[in-house]
1. Treating each Cα of the range 21-63 as an identical point scatterer and ignoring solvent, apply the Debye formula and state log10 I(q)/I(0) at q = 0.23, 0.31, 0.32 Å⁻¹.
2. Excluding residue 69 itself, what net charge comes from residues whose Cβ is under 13 Å from its Cβ, given Lys and Arg +1 and Asp and Glu -1?
3. Can you tell me the FRET efficiency between residue 94 and residue 146 if r is taken as the Cβ-Cβ distance and R0 is 45 Å, rounded to the nearest 0.05?
4. Per the Cauchy relation, a quarter of the hull surface: what is the mean projected area of the convex hull of the alpha carbons in the range 12-164, in nm²?
5. Summarise the accessible area of the range 43-149 (1.4 Å probe, protein heavy atoms) by the percent that is carbon and sulfur.
6. Go ahead and run the numbers for FRET between residue 16 and residue 126, Cβ-Cβ distance against an R0 of 25 Å, rounding to 0.05.
7. When ligands, DNA and RNA are left out and all protein chains stay put, how many square angstrom of accessible area per residue does the chain have with a 1.4 Å probe?
8. Between the alpha-carbon centers of the range 14-37 and the range 129-159, tell me the distance in whole angstrom.
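The values are calculated or read from the model by the stated rules, or taken from the named source; none is laboratory data. All of these numbers come straight from a predicted model, not from anything done at the bench. Ideal geometry is used to build each Cβ from the backbone, glycine not excepted, and the neighbour counts take in all protein chains shown. Ligands, DNA and RNA are stripped out before the accessible areas are found, and what is left, the full protein with its side chains, is counted by its heavy atoms. Shrake-Rupley method; radii C 1.70, N 1.55, O 1.52, S 1.80 Å.
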Amino acid sequence: MEMRPASVEEAAVASDILSEAARWLMERGQTLWHLEELTPELLRLVARQGELFLAYWQGQAVGTLIYQHTDPLFWPEVPAGTSAFVHKVAVRRAVAGQGVAAAMLAWAQERARAEGLAFLRLDTDFNRPKLRSFYEGLGFVCVGEKRVTRMGYPLHVALYELKL
């Protein structure tokens with residue numbers, strides 16, 4: 001698997017991967033994201049900042065994530081230059097359960113370590129035990145919870161960090 005920055009044009013590919021995952025979760029009554037927060041237009045802004053990445057396997061884009069150095073919504077108290085933050089980790093259903101998400105997070109961990117950062121941090125839905133267990137299995141530790149509103153939607157998240 002290869003991780004590379006998504007171009008502004010490739011934001012539509014990331015949007016498609018995220019929307020596919022979001023619809024699959026919605027069908028199961030496990031809404032994680034809302035489609036209006038996954039549009040190509042919004043993701044183009046992230047791509048322009050160099051924070052949107054795609055995972056390629058056998059020449060196909062199979063996953064995406066956002067990798068940032070600040071997170072004012074969920075982690076406003078974290079000093080700049082100490083952590084990387086991962087958001088919107090998603091893989092195509094065709095490769096679900098094949099280790100792509102874990103490989104993407106391992107890439108983020110190595111990138112953050114190479115940048116000299118102390119932590120890789122993320123947030124996830126507080127009420128998703130299976131997803132939380134996935135992150136914990138990768139070594140992330142829950143260090144708190146938070147209630148916030150994003151794009152008009154109330155969120156209750158568990159905050160996770162991985163010491164590098």
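1. -0.92, -0.97, -0.98
2. Charge balance in the 13 Å sphere: -1.
3. My answer for the efficiency is 0.85.
4. Value for the range 12-164: 8.8 nm².
5. So the carbon and sulfur contribution to the accessible surface is 53 percent.
6. Efficiency for this residue pair is about 0.35.
7. 50 Å²
8. Comparing the Cα centres of the range 14-37 and the range 129-159, I get a distance of 17 Å.
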